[in-house]
Amino acid sequence: MKRILVVGGGLIGSRHVEAVLAHEGCELVGLADPDMSIAPHVPRFASMKHAPDDVDGVIIATPTGLHGAHGLEAAMRGWHMLIEKPVAETLDEAEALQAAIFAADVSSLVGHHRRYHAPVQQLKFLLAEGAIGTIVATNLIWAMRKPDAYFQGNWRTAGGSPVMINLVHDIDILRFVVGEIAQVSALAGTALRGSERIESGAVALLFENGATGTISFADTTPSPWGFEAGTGENPNIGTTGQDMMWIMGTAGAVSFPSMTLWGGTDWGSPAQVQPLVPNHNVMPPLAAQLDHFVAVMDGADPLIDVACATRSLDIALQIETQLIQQKQ
(Lines give C-alpha, C1' and ligand atoms only; values in the text may rest on other atoms or scores of the structure.)
Protein backbone atom coordinates (compact mmCIF):
# COMPACT_ATOMS: atom_id res chain seq x y z
CA MET A 1 0.00 0.00 0.00
CA LYS A 2 1.51 3.30 -1.11
CA ARG A 3 0.89 6.38 1.03
CA ILE A 4 0.20 9.30 -1.30
CA LEU A 5 0.06 13.03 -0.55
CA VAL A 6 -1.62 15.37 -3.06
CA VAL A 7 -0.38 18.97 -3.11
CA GLY A 8 -2.70 21.51 -4.73
CA GLY A 9 -6.48 21.27 -4.70
CA GLY A 10 -7.40 22.96 -7.99
CA LEU A 11 -9.18 21.40 -10.97
CA ILE A 12 -6.58 18.70 -11.61
CA GLY A 13 -5.55 18.28 -7.97
CA SER A 14 -9.11 17.46 -6.97
CA ARG A 15 -9.23 14.78 -9.67
CA HIS A 16 -5.97 13.31 -8.34
CA VAL A 17 -7.48 13.14 -4.84
CA GLU A 18 -10.42 11.12 -6.13
CA ALA A 19 -8.13 8.85 -8.18
CA VAL A 20 -6.01 8.05 -5.12
CA LEU A 21 -9.11 7.38 -3.02
CA ALA A 22 -10.37 4.95 -5.67
CA HIS A 23 -7.07 3.08 -6.08
CA GLU A 24 -6.84 -0.22 -4.20
CA GLY A 25 -3.07 0.03 -3.88
CA CYS A 26 -2.96 3.56 -2.49
CA GLU A 27 -3.80 5.29 0.76
CA LEU A 28 -4.43 9.04 0.69
CA VAL A 29 -2.31 10.75 3.34
CA GLY A 30 -4.20 13.95 2.62
CA LEU A 31 -4.39 17.12 0.56
CA ALA A 32 -2.03 20.04 1.11
CA ASP A 33 -3.49 23.38 0.03
CA PRO A 34 -3.75 26.75 1.82
CA ASP A 35 -7.50 26.87 1.10
CA MET A 36 -8.69 24.62 3.91
CA SER A 37 -12.27 24.67 2.62
CA ILE A 38 -11.33 22.40 -0.30
CA ALA A 39 -12.08 18.67 0.04
CA PRO A 40 -13.13 18.69 3.71
CA HIS A 41 -13.86 14.95 3.43
CA VAL A 42 -10.11 14.09 3.42
CA PRO A 43 -7.22 14.88 5.82
CA ARG A 44 -6.05 18.45 5.19
CA PHE A 45 -2.74 20.27 5.53
CA ALA A 46 -2.13 23.97 4.90
CA SER A 47 1.17 23.17 3.12
CA MET A 48 3.60 20.36 2.35
CA LYS A 49 5.69 21.16 5.42
CA HIS A 50 2.72 20.29 7.65
CA ALA A 51 2.39 16.80 6.14
CA PRO A 52 3.89 13.80 8.01
CA ASP A 53 7.16 12.26 6.87
CA ASP A 54 5.78 8.76 6.26
CA VAL A 55 4.79 9.47 2.65
CA ASP A 56 5.80 7.18 -0.22
CA GLY A 57 4.89 9.49 -3.07
CA VAL A 58 3.60 13.00 -3.63
CA ILE A 59 1.43 14.28 -6.49
CA ILE A 60 2.31 17.94 -7.11
CA ALA A 61 -0.65 19.71 -8.73
CA THR A 62 0.09 23.30 -7.76
CA PRO A 63 0.43 26.24 -10.20
CA THR A 64 3.40 25.87 -12.54
CA GLY A 65 5.47 28.51 -10.76
CA LEU A 66 5.51 26.35 -7.62
CA HIS A 67 6.45 23.04 -9.25
CA GLY A 68 10.19 23.55 -8.91
CA ALA A 69 10.11 24.52 -5.23
CA HIS A 70 7.65 21.80 -4.30
CA GLY A 71 9.64 19.19 -6.23
CA LEU A 72 12.83 20.21 -4.42
CA GLU A 73 11.03 19.92 -1.07
CA ALA A 74 9.75 16.46 -2.00
CA ALA A 75 13.24 15.32 -3.01
CA MET A 76 14.68 16.67 0.26
CA ARG A 77 12.14 14.59 2.18
CA GLY A 78 12.93 11.48 0.15
CA TRP A 79 9.54 11.25 -1.57
CA HIS A 80 8.96 9.89 -5.06
CA MET A 81 7.04 12.47 -7.07
CA LEU A 82 4.45 12.82 -9.81
CA ILE A 83 4.52 16.44 -11.00
CA GLU A 84 1.79 17.96 -13.11
CA LYS A 85 2.75 19.46 -16.44
CA PRO A 86 4.56 21.59 -17.34
CA VAL A 87 7.31 20.17 -15.15
CA ALA A 88 8.53 23.64 -14.09
CA GLU A 89 8.27 27.30 -15.04
CA THR A 90 11.80 27.60 -16.44
CA LEU A 91 14.48 25.30 -17.81
CA ASP A 92 16.79 26.27 -14.96
CA GLU A 93 14.18 25.15 -12.42
CA ALA A 94 13.62 21.88 -14.29
CA GLU A 95 17.35 21.15 -14.46
CA ALA A 96 17.81 21.97 -10.74
CA LEU A 97 14.93 19.63 -9.93
CA GLN A 98 16.45 16.83 -12.00
CA ALA A 99 19.75 17.25 -10.13
CA ALA A 100 17.95 17.11 -6.76
CA ILE A 101 16.05 13.98 -7.78
CA PHE A 102 19.29 12.28 -8.79
CA ALA A 103 21.02 13.30 -5.55
CA ALA A 104 18.10 12.09 -3.41
CA ASP A 105 17.81 8.81 -5.37
CA VAL A 106 14.05 9.16 -5.78
CA SER A 107 11.91 8.55 -8.85
CA SER A 108 9.98 11.11 -10.88
CA LEU A 109 7.02 11.01 -13.19
CA VAL A 110 5.47 14.00 -14.97
CA GLY A 111 1.73 14.32 -15.52
CA HIS A 112 1.55 14.32 -19.29
CA HIS A 113 -1.28 11.88 -18.74
CA ARG A 114 -2.37 11.77 -22.38
CA ARG A 115 0.38 9.25 -23.00
CA TYR A 116 -1.79 6.78 -21.06
CA HIS A 117 -4.80 7.06 -23.40
CA ALA A 118 -5.32 3.75 -25.16
CA PRO A 119 -5.83 5.41 -28.59
CA VAL A 120 -2.59 7.41 -28.10
CA GLN A 121 -0.71 4.20 -27.35
CA GLN A 122 -2.32 2.60 -30.41
CA LEU A 123 -1.39 5.59 -32.57
CA LYS A 124 2.24 5.43 -31.46
CA PHE A 125 2.36 1.70 -32.29
CA LEU A 126 0.77 2.17 -35.74
CA LEU A 127 3.19 4.92 -36.70
CA ALA A 128 6.19 2.99 -35.38
CA GLU A 129 5.29 -0.11 -37.39
CA GLY A 130 4.93 1.97 -40.59
CA ALA A 131 1.15 1.81 -41.04
CA ILE A 132 1.22 5.08 -43.02
CA GLY A 133 4.79 4.75 -44.31
CA THR A 134 7.30 7.50 -43.61
CA ILE A 135 5.69 10.39 -41.73
CA VAL A 136 5.62 13.53 -43.87
CA ALA A 137 3.37 16.07 -42.15
CA THR A 138 1.12 16.65 -39.15
CA ASN A 139 -1.70 19.10 -38.40
CA LEU A 140 -3.12 19.71 -34.93
CA ILE A 141 -5.82 22.03 -33.60
CA TRP A 142 -6.58 23.05 -30.02
CA ALA A 143 -9.35 25.65 -30.04
CA MET A 144 -11.85 26.24 -27.22
CA ARG A 145 -13.40 29.22 -25.52
CA LYS A 146 -12.42 29.39 -21.88
CA PRO A 147 -15.02 31.19 -19.73
CA ASP A 148 -13.98 34.66 -18.59
CA ALA A 149 -14.26 33.52 -14.95
CA TYR A 150 -11.37 31.09 -15.61
CA PHE A 151 -8.99 34.07 -15.59
CA GLN A 152 -10.49 36.14 -12.79
CA GLY A 153 -9.04 36.38 -9.29
CA ASN A 154 -6.29 33.78 -9.71
CA TRP A 155 -2.77 33.26 -11.08
CA ARG A 156 -4.13 32.95 -14.64
CA THR A 157 -4.93 36.69 -14.62
CA ALA A 158 -1.31 37.38 -15.56
CA GLY A 159 0.00 34.02 -16.74
CA GLY A 160 -2.85 32.04 -18.25
CA SER A 161 -1.29 31.40 -21.65
CA PRO A 162 -2.78 28.38 -23.46
CA VAL A 163 0.74 27.52 -24.64
CA MET A 164 1.93 26.60 -21.16
CA ILE A 165 -1.42 25.30 -19.88
CA ASN A 166 -2.75 23.41 -22.89
CA LEU A 167 -0.36 23.33 -25.85
CA VAL A 168 2.42 21.78 -23.77
CA HIS A 169 0.24 18.65 -23.70
CA ASP A 170 -0.09 18.60 -27.49
CA ILE A 171 3.64 19.22 -27.91
CA ASP A 172 4.34 16.23 -25.69
CA ILE A 173 1.95 14.00 -27.66
CA LEU A 174 3.62 14.99 -30.93
CA ARG A 175 7.02 14.19 -29.42
CA PHE A 176 5.65 10.87 -28.16
CA VAL A 177 4.07 9.61 -31.39
CA VAL A 178 5.97 11.43 -34.18
CA GLY A 179 9.43 12.22 -32.79
CA GLU A 180 11.62 14.90 -31.28
CA ILE A 181 11.03 18.48 -32.43
CA ALA A 182 14.09 20.23 -33.86
CA GLN A 183 12.76 23.70 -34.68
CA VAL A 184 9.68 25.88 -34.09
CA SER A 185 8.37 29.14 -35.54
CA ALA A 186 5.32 30.83 -33.98
CA LEU A 187 2.93 33.65 -34.91
CA ALA A 188 0.72 35.38 -32.33
CA GLY A 189 -2.94 36.14 -32.93
CA THR A 190 -4.74 39.31 -31.84
CA ALA A 191 -5.72 39.48 -28.16
CA LEU A 192 -9.51 39.77 -27.85
CA ARG A 193 -9.93 39.99 -24.07
CA GLY A 194 -8.15 43.31 -23.71
CA SER A 195 -4.98 41.98 -22.11
CA GLU A 196 -1.42 41.17 -23.16
CA ARG A 197 -1.96 37.49 -22.43
CA ILE A 198 -1.28 35.08 -25.29
CA GLU A 199 -4.68 33.87 -26.52
CA SER A 200 -4.20 32.40 -29.99
CA GLY A 201 -1.61 31.71 -32.62
CA ALA A 202 -0.09 29.35 -35.13
CA VAL A 203 3.07 27.25 -34.87
CA ALA A 204 5.20 25.60 -37.55
CA LEU A 205 7.27 22.59 -36.50
CA LEU A 206 10.24 20.71 -37.94
CA PHE A 207 10.83 17.24 -36.50
CA GLU A 208 14.26 15.63 -36.29
CA ASN A 209 13.06 12.88 -38.64
CA GLY A 210 12.36 15.46 -41.36
CA ALA A 211 8.58 15.65 -40.99
CA THR A 212 6.92 19.04 -40.65
CA GLY A 213 3.83 20.06 -38.71
CA THR A 214 1.48 22.87 -37.78
CA ILE A 215 -0.49 23.73 -34.67
CA SER A 216 -3.39 26.20 -34.59
CA PHE A 217 -4.53 27.21 -31.10
CA ALA A 218 -6.95 29.59 -29.42
CA ASP A 219 -8.73 29.90 -26.07
CA THR A 220 -11.28 32.35 -27.50
CA THR A 221 -13.41 30.19 -29.80
CA PRO A 222 -16.11 27.58 -28.99
CA SER A 223 -14.88 25.13 -31.63
CA PRO A 224 -15.30 21.34 -31.54
CA TRP A 225 -11.58 20.68 -32.02
CA GLY A 226 -9.24 19.88 -29.17
CA PHE A 227 -7.90 16.81 -27.39
CA GLU A 228 -10.26 17.11 -24.43
CA ALA A 229 -13.33 17.70 -26.61
CA GLY A 230 -12.39 14.92 -29.02
CA THR A 231 -11.65 12.26 -26.42
CA GLY A 232 -14.03 13.29 -23.61
CA GLU A 233 -11.24 12.77 -21.08
CA ASN A 234 -11.87 15.93 -19.05
CA PRO A 235 -15.20 16.12 -17.19
CA ASN A 236 -14.92 19.93 -17.11
CA ILE A 237 -14.90 20.21 -20.93
CA GLY A 238 -17.76 19.29 -23.25
CA THR A 239 -17.26 16.28 -25.52
CA THR A 240 -17.69 16.58 -29.31
CA GLY A 241 -15.93 13.42 -30.53
CA GLN A 242 -14.33 15.35 -33.39
CA ASP A 243 -10.85 14.64 -34.72
CA MET A 244 -8.19 17.23 -33.83
CA MET A 245 -4.96 15.74 -35.17
CA TRP A 246 -4.07 14.47 -38.63
CA ILE A 247 -0.84 12.67 -39.52
CA MET A 248 0.15 11.99 -43.14
CA GLY A 249 2.74 9.60 -44.52
CA THR A 250 4.03 8.16 -47.78
CA ALA A 251 1.57 5.23 -47.65
CA GLY A 252 -1.50 6.78 -46.03
CA ALA A 253 -2.79 8.94 -43.22
CA VAL A 254 -4.51 8.69 -39.85
CA SER A 255 -6.79 11.04 -37.94
CA PHE A 256 -7.10 11.20 -34.15
CA PRO A 257 -8.93 10.40 -31.89
CA SER A 258 -11.25 8.48 -34.23
CA MET A 259 -8.21 6.48 -35.39
CA THR A 260 -9.49 6.59 -38.96
CA LEU A 261 -6.72 5.01 -41.04
CA TRP A 262 -6.41 5.79 -44.75
CA GLY A 263 -4.33 4.06 -47.41
CA GLY A 264 -3.71 4.80 -51.07
CA THR A 265 -1.29 5.02 -53.98
CA ASP A 266 -1.45 8.40 -55.77
CA TRP A 267 -4.01 11.05 -56.72
CA GLY A 268 -5.25 8.94 -59.63
CA SER A 269 -7.39 6.94 -57.21
CA PRO A 270 -9.08 8.06 -53.99
CA ALA A 271 -7.59 7.11 -50.65
CA GLN A 272 -9.51 4.30 -48.96
CA VAL A 273 -10.37 3.79 -45.31
CA GLN A 274 -8.50 0.82 -43.87
CA PRO A 275 -10.07 -1.54 -41.31
CA LEU A 276 -9.00 -0.52 -37.83
CA VAL A 277 -10.67 -0.96 -34.47
CA PRO A 278 -9.85 1.93 -32.09
CA ASN A 279 -8.41 0.78 -28.79
CA HIS A 280 -10.62 2.31 -26.11
CA ASN A 281 -9.91 0.74 -22.74
CA VAL A 282 -12.12 1.48 -19.73
CA MET A 283 -9.39 2.80 -17.39
CA PRO A 284 -9.33 6.61 -17.23
CA PRO A 285 -5.90 8.07 -18.05
CA LEU A 286 -5.41 9.52 -14.55
CA ALA A 287 -6.10 6.09 -13.05
CA ALA A 288 -3.69 4.45 -15.51
CA GLN A 289 -1.09 7.10 -14.68
CA LEU A 290 -1.52 6.44 -10.95
CA ASP A 291 -1.10 2.70 -11.60
CA HIS A 292 2.14 3.52 -13.38
CA PHE A 293 3.28 5.85 -10.57
CA VAL A 294 2.89 2.98 -8.11
CA ALA A 295 5.04 0.81 -10.40
CA VAL A 296 7.63 3.59 -10.75
CA MET A 297 7.89 3.84 -6.96
CA ASP A 298 8.66 0.11 -7.01
CA GLY A 299 11.44 0.57 -9.58
CA ALA A 300 9.74 0.53 -13.00
CA ASP A 301 11.02 2.85 -15.72
CA PRO A 302 8.86 6.00 -15.93
CA LEU A 303 6.96 6.65 -19.15
CA ILE A 304 8.01 10.30 -18.85
CA ASP A 305 10.31 11.56 -16.12
CA VAL A 306 11.53 15.08 -15.31
CA ALA A 307 14.37 14.87 -17.84
CA CYS A 308 12.05 13.86 -20.69
CA ALA A 309 9.36 16.37 -19.72
CA THR A 310 11.98 19.13 -19.72
CA ARG A 311 12.25 18.68 -23.50
CA SER A 312 8.51 19.33 -23.89
CA LEU A 313 8.90 22.37 -21.63
CA ASP A 314 11.79 23.61 -23.77
CA ILE A 315 9.67 23.53 -26.96
CA ALA A 316 6.73 25.22 -25.22
CA LEU A 317 9.00 27.97 -23.86
CA GLN A 318 10.49 28.57 -27.30
CA ILE A 319 6.99 29.06 -28.69
CA GLU A 320 5.91 31.25 -25.76
CA THR A 321 9.03 33.42 -26.06
CA GLN A 322 8.50 34.02 -29.77
CA LEU A 323 4.85 34.97 -29.19
CA ILE A 324 5.67 37.36 -26.36
CA GLN A 325 8.39 39.07 -28.40
CA GLN A 326 5.89 39.74 -31.18
CA LYS A 327 3.56 41.47 -28.73
CA GLN A 328 6.23 43.80 -27.34
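Kindly establish whether Val58 is in a strand (DSSP E or B), surrounded by 20 or more Cβ atoms within 10 Å (Cβ to Cβ), in contact with a helix residue (DSSP H, G or I) (Cβ under 7 Å, 6 or more places away or on another chain) and at negative phi.
yes
Step by step: first the residues of region 114-149, then only those that are assigned to a helix (DSSP H, G or I) and charged (D, E, K, R), then the one that is farthest from Gln289 (Cα to Cα). Which residue is that? Per the stated criteria, the residue is Asp148. Condition (residue is modelled with pLDDT under 90, open to solvent by less than 10 Å² (accessible area, probe 1.4 Å) and in contact with a helix residue (DSSP H, G or I) (Cβ under 8 Å, 6 or more places away or on another chain)) applied to region 156-168: is it met by at least one residue? There is at least one residue in region 156-168 that is modelled with pLDDT under 90, open to solvent by less than 10 Å² (accessible area, probe 1.4 Å) and in contact with a helix residue (DSSP H, G or I) (Cβ under 8 Å, 6 or more places away or on another chain). Can you tell me which residues in region 86-116 are crowded, with 24+ Cβ neighbours inside 10 Å and either farther than 14 Å from Ala309 by Cβ or within 17 Å of the chain's Cα centre (by Cα) (or both)? Answer for region 86-116, where residues must be crowded, with 24+ Cβ neighbours inside 10 Å and either farther than 14 Å from Ala309 by Cβ or within 17 Å of the chain's Cα centre (by Cα) (or both): Pro86, Val87, Ala88, Ala94, Ser108, Leu109, Val110, Gly111, His112, His113.
Select from region 278-298 the residues that are at pLDDT 95 or above and open to solvent by 60 Å² or more (accessible area, probe 1.4 Å) and list them in ascending order. Those that are at pLDDT 95 or above and open to solvent by 60 Å² or more (accessible area, probe 1.4 Å): Asp291, Asp298. Can you say whether Asp305 is under 22 Å from Gly57 (Cβ atoms), in contact with a Leu (Cβ under 9 Å, 6 or more places away or on another chain) and in contact (Cβ under 8 Å) with a residue 12 or more places away in the chain, as far as the supplied structure shows? Spelling it out, Asp305 is indeed under 22 Å from Gly57 (Cβ atoms), in contact with a Leu (Cβ under 9 Å, 6 or more places away or on another chain) and in contact (Cβ under 8 Å) with a residue 12 or more places away in the chain. Given the residues Ala61, Ala69, which is the only one that is at pLDDT 95 or above, within 25 Å of Pro285 (Cβ to Cβ) and of a type in the set (A, V, I, L, M, F, W, C)? None of the other options fit; the residue is Ala61. Please go through region 307-328 and give me each residue that is within 16 Å of Glu180 (Cα to Cα), buried (at least 18 other Cβ atoms within 10 Å of the Cβ) and among the aliphatic types (A, V, I, L, M), ordered by number. Selection gives Ala309, Leu313, Ile315, Ala316, Leu317, Ile319.
Residue-wise test of (1) part of a strand (DSSP E or B); (2) touching a residue at least 24 places away in the same chain (Cβ under 8 Å).
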| residue | (1), (2) |
| --- | --- |
| Leu206 | yes, yes |
| Gly230 | no, yes |
| Asn236 | no, yes |
| Thr239 | no, no |
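If a residue must be open to solvent by 50 Å² or more (accessible area, probe 1.4 Å) and closer than 30 Å to Leu317 by Cβ, how many such residues does region 34-55 contain? Total meeting the criteria: 3. Any residue in region 261-276 that is part of a loop (DSSP other than H, G, I, E, B) and under 23 Å from the mean Cα position of the chain (by Cα)? No. Scanning region 1-33 for residues that are open to solvent by 20 Å² or more (accessible area, probe 1.4 Å), free of Cβ contacts under 8 Å to residues at least 60 places away in the same chain and closer than 20 Å to Tyr150 by Cβ turns up Gly10, Ser14, Asp33.
The values are calculated or read from the model by the stated rules, or taken from the named source; none is laboratory data. Just so it is clear, the structure is predicted and the values come from calculations on it, not from any experiment. Every residue, glycine as well, gets a Cβ built from its backbone with ideal geometry; the counts of neighbours run over all protein chains shown. Each accessible area value is taken on the protein alone, full model and side chains, heavy atoms only, with ligands, DNA and RNA left out. Shrake-Rupley method; radii C 1.70, N 1.55, O 1.52, S 1.80 Å.
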